[in-house]
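One structure is given below, encoded as structure tokens.
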Amino acid sequence: MITLKFGKRLAAPILCLAALLALGAANLGAFLSDGAIDINGVIKYLSATALAALVMLTDVSLGEKTEKALSWLFFAAAPVLCFEVVRALVGAPLYPAKIYFDNLVFYAVFQSFIFGVTQSAKLALIAEFTVSFVLHAANQIILLVRSTPLVPTDLLVINTAMSVTSPDQWHFDLPLLVGTSGFALLCAAALKLKLRLPKLSLKAAWKRIVPVLCSLAIAFGGAVYILDIDYDGYVTSAFDPQGANQLNGVVLSFYINLRKSEFNPPAGYSEEVLESYLERYEDDKLSVPESELPNIIVIMNESFSDLDFVGKIKTDKDYLENYDRLAREFPHGRLLVSSLGGGTCNTEFEYLTWLSMMNMPSGSYAYMQHVTRELPSMASYLKEFGYETVAMHPFFEICWKRNSVYSLMGFDDFVSGEDMSADEGRFTSESLFEKGFGSDVEYVRNFISDSYFYDRVIEEFENRSSDRIFIFGVTIQNHSGYEYDGGDFVNDVRITDPEGNYPRAEQFLSLMKLSDEALGELIEYFEGVDEKTLIVFFGDHQPSLEEELFDKIAPNRDTFVNSYLTRYQTPFLIWSNYDTGETKNDLGIVSPNFLGIKTLEYAGIPLSREQQLIKDVSEITPAMNTWGYYDPFIIWNNRAKRYDCPELNIYNFYTYYIITNGENQS
């Protein structure tokens, strides 16, 4: 018999139904496809919501025995039901049997453990559904914001992620909306089930104890199985982390990435072998008079990218006029980075330390996990040559733990966004994204502009307390998202080819035009400076934009490794107001760690033993990132536990030694 709820019993179902409908209304963009309403998507979401509402608003009576049997059948099938909702949520195809089973084990272990501890089947189901939904919803939202999926180390950077993304970026797409309704449906069904254990008594104790013991045994056995999973045998984050999640399932991929994040010694690691190899080099730090050394200014520009690296686009305005002009006169090239749409700290870590993410745990954020003590860096090394060392970033100092990391790297000072405004009301805004540094700074959208930031760089240069200065500046103007619609910013660069609707890409290109103009202003100032000055300029990563655009300009980018890696390349430039003696302008493809070595060479700074080792590695491979390296013929090689090339193994040894021992070797 089916009956409808009445009176006070309607309150909770109506609130849940209203919340689901409000969620859909707040994310109307999820129902649009190529600018038109996706009727199938609307029907799918409303049907899932209606089904959840039906379960919440009705009671079904089938008889005590039937209800009890169906309830325990639902309990036993819950891991499969939960996983199927998740699979729909991420839009994944059906997995192979082995991968499907491995994913189910995680759900079964969690459910069995909660049931065994609480002796409440309903609580176990609700906990399982909730944890699973939160994990996979977070994965889907991060995909929408950053174009890469959730990895374990993202949990360490939640504060940073929230502080460098605006609320309008954290939205739901259609699979996530449908998955939310599915989650509500499962929870509603779980609450209606007849899943009570019998009361504990001496006569019928076994009826209560046996299910609990069986549940705990399943949890224990499943945990042993999970620990025994050959995680090295699974592909994760190999060029396409999203594809790896589709291949392995989100939970299994998350677990594999967690296991792979352990920083274990490289194959054959030996401190004695490392030291023996380094003995072939000699330090020569006194070979150049300090009076001849230039000021060094490094600008890592947020998301600064040339989309022509990926495929040809045409715009109604030139958005890189100054950069292109400078590149015709000065050394330049493509920077191979390890990040896309985020992960800024890894690019600056590689540049400042000369280490590579290829030798770091896969999926890790170096600043969050591995910079925990004093570390050799560009700053600590240049201090030995009389440089004042200053880091600058026009945003909050806590982002990526820069307030502690820069100190551990040897910077004398860190000038953050909080230090760039004298406005006493700069912290009064409820949102970090409502021009939160007060009224006496210049904004582009809600971030401090590149132009204003470069004025602060110039001010720091003019007010330095030493004969020479090293400034490492990280901009913020071009940070995602690219949906800003305030009246104080206008998208003035339009894409004319390929045809389509690309508002995010056009906002990004408009930001690039402003960055390019600010770069021209910065160079113009230092062209008038009498002191020798070297400026190194590069982008940290490419932005996350409309995938339809990239599908049109590079339809085969997922077919070939070198084409795929164009999404991980940004421009770099080495400018100087003096003759560096270098004649080669096009430096080809370089990675940030090797660009750091080139900076020292262009500045005439003698290299330490370790830096000479890294320079020798750059002769073998011009560029590397978290997944592998190019050989001199630009043929791609995957990262490995051990390499045929001894220099690559020694470089790996050196990375592990520096990170784990933290001893300054410079």
Worksheet entry | Count of region 109-161 residues which are on the phi > 0 side of the Ramachandran plot and either part of a helix (DSSP H, G or I) or modelled with pLDDT of 85 or more (or both) | 0
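Conditions (1) at negative phi; (2) surrounded by fewer than 24 Cβ atoms within 10 Å (Cβ to Cβ); (3) part of a loop (DSSP other than H, G, I, E, B); (4) touching a Ser or Thr at 6+ places or on another chain (Cβ under 7 Å), marked per residue:
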| position | (1), (2), (3), (4) |
| --- | --- |
| Leu335 | yes, no, no, yes |
| Pro361 | yes, yes, yes, yes |
| Arg373 | yes, yes, yes, no |
| Pro376 | yes, yes, yes, yes |
Worksheet entry | Leu191 closer than 30 Å to Leu21 by Cα, open to solvent by 40 Å² or more (accessible area, probe 1.4 Å) and at pLDDT 60 or above | yes
Item to complete: Filter region 392-410 for residues that are closer than 24 Å to Ser451 by Cβ and either in a loop (DSSP other than H, G, I, E, B) or over 18 Å from the mean Cα position of the chain (by Cα) (or both) and give the result.
Response: Met392, His393, Pro394, Phe395, Phe396, Glu397, Tyr406
Worksheet item: Which of the residues that make up region 525-579 are hydroxyl-bearing (Ser, Thr, Tyr), touching a Leu at 6+ places or on another chain (Cβ under 9 Å) and modelled with pLDDT of 95 or more?
Response: Tyr568, Thr570, Ser576
Worksheet item: Considering Lys615, Lys641, which residue is open to solvent by 60 Å² or more (accessible area, probe 1.4 Å) and modelled with pLDDT of 95 or more?
Response: Lys615
Item to complete: May I ask you to say which residue of Tyr351, Tyr323, Tyr319, Tyr277 is touching a helix residue (DSSP H, G or I) at 6+ places or on another chain (Cβ under 6 Å), over 30 Å from Tyr643 (Cα atoms) and assigned to a helix (DSSP H, G or I)?
Response: Tyr323
Response to the item:
By residue number, the members of region 484-522 that are under 19 Å from Leu549 (Cα atoms) and loosely packed, with under 15 Cβ neighbours inside 10 Å are Asp492, Arg494, Thr496, Asp497, Glu499, Gly500, Asn501, Pro503
Discussion item. Can you pull out every residue in region 261-291 that is closer than 26 Å to Trp627 by Cα, at pLDDT 90 or above and among the polar types (S, T, N, Q)?
Written reply: Ser270
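The values are calculated or read from the model by the stated rules, or taken from the named source; none is laboratory data. A quick note: this is a predicted structure, and the numbers were derived from the prediction, not measured. Cβ: placed from backbone, ideal geometry, glycine included. Neighbour counts: every protein chain shown. What goes into the accessible areas is simple: the full protein's heavy atoms, side chains included, and nothing from ligands, DNA or RNA. Shrake-Rupley method; radii C 1.70, N 1.55, O 1.52, S 1.80 Å.
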